[in-house]
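*Asks:* Got a structure here, written out as structure tokens. Questions coming.
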């Protein structure tokens, strides 16, 4: 279901203590510690201050798919686009819709480094709330380097990833070349195509090293081409929160995407009727990326760091989302679209959305100066982001299909001859530009041997210019030339953080954090037929805790309070009294959460590491009310959908000689599956495990098992059930929703010469 906030999110540790964690291998979770490790700050200068990256968990281990990082939970729902991804200090995409980050960015050997940027650093430098994957592209090297990784799975997944870099001449010039290809059938079979994800990313660049180790400058080009097809599961729901697999539909193994992969649409701008496919050109996003980045050490001792980007994309997107299931008999008038035969049995109502080719331009630059001045590590920066999207549309239609693996399209009494109806009901449109310019400053101040203080401030001006329409999107709707009106907005935002640590003893102390961000709206907020509430969205966060570091254990425990207003949810609602009747509602609401998290790393003996995390939290909706089907609904103080109140991670690993054994267990307590909290999913475990073998210093082999407990349950939300208040009628009912990957084995070979 398309809404701005619907993914699973929960509160985790907002690390600001003196323990530094470092990730060793992206195929597993490995934790190292160093109280005063020598690190590099954001400007490439070595120092011994608190790390800006929090790598005590592997965000690349995703239990849902092979294409995107996992969401790092903060107690608030994540966006549809998932966790923020930075490349060379700039967002890989300016805004996730309609160009999702995984259409242009993947974990790759063509990335020199990948980490997890802390919340305070994202607030200070970008003015945004949350964690971010922080990655840097491989630049040219002074010596020849060849590295690569090939991955496959028992379902036929193939991923090839190579990078070559080396010198061009003796004058400091070098090159880098990289190629990433992904052909992933996932774990289910489509009726019309082998692969669920096909992605190609190619890189080429040159680097100039300045004399006397003053720095370097790199020129990098990246081309990306990608499409991805989503899937849902059908299951029989039980009121104890568990689901029962159907005889004719295996969760995670069967496709609920219509078997020909075709949807019929009406262009909301021209009125032209057309067919769009779920694969190929109608669902493919391509982009060209030009980066110029590097650093230069000035004679004054200030390190000047710069990163600029020109990004040009053509985004296309085809999406099918299940809404509801009802039963029909032979007299109800449903027939197979393929042969006209009468159909009786369960019928699935589907929402189809298609975004035709949409040009996107993003020009961005980030510039900073950094220097150690006495006990202060100072950084001053400037960030500029320009974004243009030209006539974004989301054309929509509805259709019926059989409830089965590789379902057939049905023609019903309310559809046209192709089986579709309600063209462009709830369709979307916006067009225009956004411009953000920010100045920021940070200071890491060692006040004395026991007291450390770090703080930052971000000042941002956000301008929106464009057009939208207030015209209602009734069935069959097409825009007229005079339906549009202009958008002209300018907002000023303040963001920043204040973090303090105090050592009571050499190994034990207190920590306190405060973080604050502001925003208003985006162009995307104007997509529907109303003017969104443009009041300021504020996100204050406060935390207080303790830390304890010894050779045996490194521990942080803290309580956190967090709130955010201005959430804009868009819900495709199903009338609980008439499941064939649907409506679209937009809701402006807030979320508040209070949590307590304890995180520690234990090293009882040589070669063994244990990372453990536990979080207790209580996120609830605030000011949540809307009208639908001539009734008023109010869900204030209800628990937030898809978020567990208890989270646990247990990550043991053991290294001996050339072998490494690791596992990762993630526990999620009960998650509510609809807005009324009447439906929920039972607690579940997400499990990963693997073995890594280092053949020599050049070649290593890794084997990974996802969901080795072979849980076949569902997770997330239940489509079309937002208004259900009594769970009993749903006991044994057929529903659709998201799910975890089934038991999957993966094998990879990595080399580095």
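*Asks:* For segment 125-197, taking Cα atoms only, what is the radius of gyration to one decimal and the Dmax to the nearest whole Å?
*Replies:* 18.3, 56
*Asks:* Which log10 I(q)/I(0) values does segment 596-753 give at q = 0.14 Å⁻¹ under the Debye formula, counting every alpha carbon as one identical point scatterer?
*Replies:* One equal scatterer on each Cα of segment 596-753 leads to -0.85.
*Asks:* Ranked highest first by average number of other Cβ atoms within 10 Å, how do 554-563, 390-399 line up?
*Replies:* 390-399, 554-563
*Asks:* In deg cm²/dmol, rounded to 500, what helix-only [θ] at 222 nm does the chain give when every DSSP H run of at least 4 residues adds -39500 (n - 2.57) and the total is split over its residues?
*Replies:* Helix-only estimate at 222 nm: -500 deg cm²/dmol.
*Asks:* Fewest Cβ neighbours within 10 Å first, please rank 254, 247, 329 accordingly.
*Replies:* Least to most surrounded, the residues fall as 247, 329, 254.
*Asks:* Report the per residue volume, in Å³, of the convex hull enclosing the C-alpha atoms of segment 377-524.
*Replies:* 206
*Asks:* Dividing the convex hull volume of the alpha carbon atoms of segment 666-753 by its residue count, what do you get in Å³ per residue? Intermediate values should be presented prior to the final figure.
*Replies:* Values: hull volume 10.1 nm³, N = 88.
About 115 Å³ per residue, rounded to a whole number.
*Asks:* Something else about it: Within a 10 angstrom radius of the beta carbon, how do 433, 176, 505, 676 rank from fewest other beta carbons to most?
*Replies:* With the fewest neighbours first, 433, 176, 505, 676 line up as 505, 433, 676, 176.
*Asks:* Another question, if that's okay. Quickly rank 219-225, 90-96 as a protection proxy: mean count of other C-beta atoms within 10 Å, highest first.
*Replies:* Taking the mean over residues of other Cβ atoms within 10 Å, the ranking is 90-96, 219-225.
*Asks:* What number, in percent, do you get for the relative contact order of segment 481-528 if the mean sequence gap of Cα pairs under 8 Å and at least 6 apart is divided by its residue count?
*Replies:* 33
*Asks:* Among 523, 613, 747, what is the fewest-to-most ranking by other Cβ atoms within 10 Å? Before the final figure, lay out the partial values.
*Replies:* On the way: 523 24, 613 21, 747 15.
Listed from fewest to most nearby Cβ atoms, that is 747, 613, 523.
*Asks:* Hey, could you get me the Stokes-Einstein D for segment 250-406, Kirkwood radius over alpha-carbon pairs, 4 °C and 1.567 mPa s, rounded to whole µm² s⁻¹? Write out the running numbers ahead of the final one.
*Replies:* Working: Rh = 20.2 Å.
Reported coefficient: 64 µm²/s.
*Asks:* To one decimal place, what Kirkwood hydrodynamic radius in Å is obtained for segment 341-445 from all pairs of distinct Cα atoms?
*Replies:* About 18.7 Å, per the Kirkwood formula over Cα pairs.
*Asks:* Can I ask one more? Enter the Cα centre distance for the pair segment 483-522 and segment 168-195, rounded to the nearest angstrom.
*Replies:* Between the Cα centres of segment 483-522 and segment 168-195 lies a distance of 36 Å.
*Asks:* Roughly what % of Cα-Cα distances in the chain sit above 41 Å, to the whole percent?
*Replies:* 30
Read-outs throughout are calculated quantities, based only on the coordinates presented, and are distinct from any laboratory measurement. Everything numeric in this text was worked out from a predicted model, so none of it was measured. Positions of Cβ are backbone-derived with ideal geometry, glycine not excepted, and every protein chain shown enters the neighbour counts.
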